[in-house]
1. Write out, first by first residue and then by second, each pair whose Cβ atoms fall under 9 Å of each other, whose residues are 6+ apart or on separate chains, and whose first residue, in segment 40-64, is in the same structural domain as Ile74 (by TED's automatic domain parsing) and modelled with pLDDT of 70 or more while the second is surrounded by fewer than 12 Cβ atoms within 10 Å (Cβ to Cβ) and among the acidic types (Asp, Glu).
2. Are any residues in segment 1-35 surrounded by 10 or more Cβ atoms within 10 Å (Cβ to Cβ) and polar (S, T, N, Q), and if so, which ones?
3. Could you tell me whether any residue of segment 28-39 is aliphatic (A, V, I, L, M) and either modelled with pLDDT under 75 or assigned by TED's automatic domain parsing to the domain that holds Lys92 (or both)?
Amino acid sequence: MRSEPTAPDVIPEYIVTGIDRQGRETLEAIEKYARQRREYLETIEQRDLDEEDLAESDEELLDVEESGGGTVVIKKVPCGRDCGGCPPWTYKNVVPREGGGVNWGCKGPYQRE
């Protein structure tokens, strides 16, 4: 007879508790769903980001470069104060992919060297 499996530490306890309460058919369905979800996330992570993913309609995309830590995006962003007189700010962002989307990480104002 097989011994009861031990869940990996990376799985939250509330998920382990829920899984442990399921029967074989439900576990098969969960396994199928989890595989499909993983494959979907892999597809999203591998697709190229386009301009719509990287800049809003009122922003100007200046440069995009892929790097090991994510996509580096340089763009001009409007002031946001409705003052009408401020020039847009230029920001450098590093956009790593996480799961099904991107996680914007502003690195601050950017000046070309």
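The values are calculated or read from the model by the stated rules, or taken from the named source; none is laboratory data. Remember, it's a predicted structure, so these values are computed and weren't measured experimentally. We place every Cβ from the backbone using ideal geometry, glycine too, and count neighbours over all the protein chains shown.
1. Correct list of pairs: Leu61/Glu51; Val64/Glu51.
2. From segment 1-35, those surrounded by 10 or more Cβ atoms within 10 Å (Cβ to Cβ) are 7, 11-12, 15-20, 22, 26-35; that's our starting set.
Scanning segment 1-35 gives Thr17, Gln22, Thr26.
3. No: segment 28-39 contains no residue that is aliphatic (A, V, I, L, M) and either modelled with pLDDT under 75 or assigned by TED's automatic domain parsing to the domain that holds Lys92 (or both).
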